[in-house]
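Encoded as structure tokens, the structure appears first; notes follow it.
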Protein chains: 2
Amino acid sequence: MRNFARKKNHYANRGMGLEEDLEQTNQYYLEHDIAVIYKKPTAVTIKNVTYPEKKYTKITDGYFTKSSTTDYNGIYRGWYIDFEAKETKNKTSFALSMLQNHQLQHLQNIKKHNGIAFLIIRFTFWDRTFLLDIEKLNTFTKNNKRKSIPFSFFEEEAWEIKNGYQPRLDYLKIIEQHYL
Amino acid sequence: MRNFARKKNHYANRGMGLEEDLEQTNQYYLEHDIAVIYKKPTAVTIKNVTYPEKKYTKITDGYFTKSSTTDYNGIYRGWYIDFEAKETKNKTSFALSMLQNHQLQHLQNIKKHNGIAFLIIRFTFWDRTFLLDIEKLNTFTKNNKRKSIPFSFFEEEAWEIKNGYQPRLDYLKIIEQHYL
């Protein structure tokens, strides 16, 4: 049953991506009263709106603004959780340019204030997803001038989050094992 | 000096509103390494975009969506903090219709997971701002069929956040006194 379910899930999810997996996972955590973790809305600046037939507010001019923080945060067993999630098609490394400096700054800040701060990085080609603690990333960037993190670093220093069925990406299991 | 500063501030801030006060306060907390608390971006659904002169992405059609959560969250001394902030022009009561059910549900959820959850309510006519714990709000709604909370309830059951200069609205002082 489990294999069947996973296989079905595997095909059903083709191309659904990391964001959808996290969405489903966070929904699962919420419904099962495990944690309260949300993705933040995309930051936009609204320049103009109209009111078509007075029914609703239509945004007719706006643009995307850089968020000051990461995409995800919330609470798990009283702990403040904060992370950014990215997926890469690259087989051999993760380009650091996919993260913004102020996001890394933010994660370090969270760590300093006793929160749990990390990255979730998926290598889509290998269909493998890793949880990398912000401290380990800092150690890497301090000791390396490379602009990308090799896949092998993830295999050695990060913790792999196995694909599942319910929830699809049980990252809190990793938190449970390694942080609490 | 302090009086002068506060007076100056008082006039300078006329009409700036609760949101701006919280923005400045959270910025102060961040810069002084006291806490990391942000307002979430307004949730919008984008239906269409264009790329004027290939320079940026312009949103040409979109609408506002209900957020599932509150506007503010973050971390203070390792504690997960979550709140919604509203101001009312009403002199005698705060209309509960200004809050959405799912926001109150969210705050209760946060409390259950050992976070600190509350409302910040400002009565603009009196220029007085209160921090109301979510549990106290629950007690009120359980024992009352009223659709608004009288001002006197805030005076008795909530904690007043005094207007200040730096930061303008030091709500963490209240948290410090009553929660930690």
- Selection from the stretch B:20-45 of residues surrounded by 15 or more Cβ atoms within 10 Å (Cβ to Cβ), modelled with pLDDT of 90 or more and farther than 12 Å from B:P167 by Cα yields B:A35, B:V36, B:I37, B:Y38, B:K39, B:K40
- Restrict the check to the stretch A:43-50 and report whether at least one residue is facing chain B (nearest Cβ under 7 Å), of a type outside the set (A, V, I, L, M) and not in a loop (DSSP other than H, G, I, E, B). no
- Message: Given the condition at pLDDT below 90, assigned to a strand (DSSP E or B), surrounded by 14 or more Cβ atoms within 10 Å (Cβ to Cβ) and of a type in the set (F, W, Y), answer yes or no: does some residue in the stretch A:55-73 qualify?
- Response: yes
- Filtered residues of the stretch B:74-102 (kept if within 14 Å of chain A (Cβ to nearest Cβ) and either β-branched (V, I, T) or surrounded by fewer than 17 Cβ atoms within 10 Å (Cβ to Cβ) (or both)): B:I75, B:R77, B:G78, B:I81, B:H102
- Single residue of A:I121, A:I116 found to be β-branched (V, I, T), within 30 Å of B:W79 (Cβ to Cβ) and within 14 Å of another protein chain (Cβ to nearest Cβ): A:I116
- Query: In the stretch A:140-180, which residue that is modelled with pLDDT of 95 or more and among the β-branched types (V, I, T) is farthest from A:S93 (Cα to Cα)?
  - Reply: A:I175
- Note on the structure: The lone condition B:F118 fails out of (1) over 22 Å from B:L172 (Cβ atoms); (2) touching a Phe, Trp or Tyr at 6+ places or on another chain (Cβ under 6 Å) is (1)
- Check whether at least one residue in the stretch A:138-160 is among the hydrophobic types (A, V, I, L, M, F, W, C), part of a strand (DSSP E or B) and closer than 19 Å to A:Y72 by Cβ, and report yes or no. yes
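The values are calculated or read from the model by the stated rules, or taken from the named source; none is laboratory data. Since this is a predicted model, take the numbers as computed values, not measurements. We place every Cβ from the backbone using ideal geometry, glycine too, and count neighbours over all the protein chains shown.
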